[in-house]
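Structure record follows, encoded as structure tokens.
The values are calculated or read from the model by the stated rules, or taken from the named source; none is laboratory data. From a predicted model like this one, the values you see are computed outputs, not experimental measurements. Note: ideal-geometry Cβ built from the backbone for every residue, glycine included; neighbour counts use all protein chains shown.
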Amino acid sequence: MLYITACHTIRLELVQMLNKCIGVNLLVMLHCRCRYLNEFRTKQCPEFLQHKCMQHRPFVCFNWHFANQKRRRPVQRKDGTFNYSADVYCTKYDETTGLCPDGDEYVCIVS
């Protein structure tokens, strides 16, 4: 049987064996890592919009407060490529505003 997440495909038997050996719930660790990879700062913080985010200082909020902190969610296409490349930086990206004239669908990494 396979356990499948957005990040990993692992044999369930191997995960259970590792859990017994190291005493850590590996499935929980994988879920947390995948959540950060897939969702960290991909949504605007609703509390910040109302000036009520208690995690703004020090800045530890999981969501973005300013447009230049926004990230695109990494999506793997059917052909195996991702929706942007970490190897190609967008020269049109404005780090002050967090905007690119080519938009978020462009393959350059801007966020």
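Look at region 41-52: where a residue is touching a residue at least 12 places away in the same chain (Cβ under 8 Å) and within 11 Å of residue 64 (Cβ to Cβ) and a partner is exposed (fewer than 15 other Cβ atoms within 10 Å of the Cβ) and aliphatic (A, V, I, L, M), sitting 6+ places away or on another chain with Cβ atoms under 9 Å, you get 44/67. If the condition is being of a type in the set (S, T, N, Q) and not in a strand (DSSP E or B), then region 67-101 contributes 68, 69, 81, 83, 91, 96, 97. When we screen 48, 62 for residues that are outside any loop (DSSP other than H, G, I, E, B), surrounded by 13 or more Cβ atoms within 10 Å (Cβ to Cβ) and either among the hydrophobic types (A, V, I, L, M, F, W, C) or not assigned by TED's automatic domain parsing to the domain that holds residue 105 (or both), the only hit is 48. Scanning region 67-111 for residues that are among the acidic types (Asp, Glu) and either surrounded by 11 or more Cβ atoms within 10 Å (Cβ to Cβ) or in contact (Cβ under 8 Å) with a residue 24 or more places away in the chain (or both) turns up 94, 95, 102, 104. Looking only at residues that are more than 18 Å from the chain's Cα centre (by Cα) and among the acidic types (Asp, Glu) in region 31-90, which one is modelled with the lowest pLDDT? Once the filter is applied, the top-ranked residue is 79.
Would you be able to say whether some residue in region 53-66 is without any contact (Cβ under 8 Å) to a residue 12 or more places away in the chain and polar (S, T, N, Q)?
The first filter runs over region 53-66 and keeps only residues without any contact (Cβ under 8 Å) to a residue 12 or more places away in the chain, leaving 54-60.
Add one more test, that the residue is polar (S, T, N, Q), and what stays is 55.
Yes, that holds for at least one residue.
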